[in-house]
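A short worksheet on the structure shown next.
What follows draws every value from the coordinates through simple rules; no lab data is involved. This one's a predicted model, so the numbers in the text were calculated from it and none came from an experiment. Using ideal geometry, Cβ is built from the backbone for each residue, glycine included, and neighbour counts are taken over all protein chains shown.
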Ligand SMILES: [Ca+2]
Ligand SMILES: [Ca+2]
């Protein structure tokens, strides 16, 4: 009798966990850039060029896509499978841009455990952008160095 009641209790708990809130493993999520917990982008000055370097990766998920979303004229997917990209890969975008105000990124991934996060640290003209894919909190899963490069005088 005791065993049967326990079994029913476990079943109810299992059913409740299936009803969760959009963070089930496998759910696709687009993570925006944040600085100190607030949404942000990285300021550019008029005439600057942009260099982005894949500094390091430490993840196994497939199809994590790194997307530059601003300046709008260069918005594109930089890599569609970042965990398997080559460390040291550089993406260079010569300026000037028609819309030179800021650089922005998102990363598309799937929920592993917790919510992913994409953090920028640093100040103009060099930033580090670090992605936590949600499996732990090491913030080293995808690391980019982003540089604004002033036009030659
Ligand atoms: Ca991690
Ligand atoms: Ca990691």
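Before moving on, here are some points about what is shown:
- In this label model, residue 140 and residue 152 are separated by 3.8 nm, measuring between points 7 Å along each Cα→Cβ vector.
- Nearest-0.05 FRET efficiency for residue 28 and residue 73, computed from C-beta distance (R0 41 Å): 0.95
- Computed over Cα pairs, the Kirkwood radius of region 25-149 leads via Stokes-Einstein (0.692 mPa s, 37 °C) to a diffusion coefficient of 228 µm² per second.
- If the segment from residue 126 to residue 35 were pulled out straight at 0.36 nm per residue, it would be longer than the present Cα-Cα gap by 31.4 nm.
- Binned Cα-Cα distances of region 86-153, short to long, each 5 Å bin given as a whole percent: 4, 13, 22, 22, 17, 11, 7, 3, 1, 0
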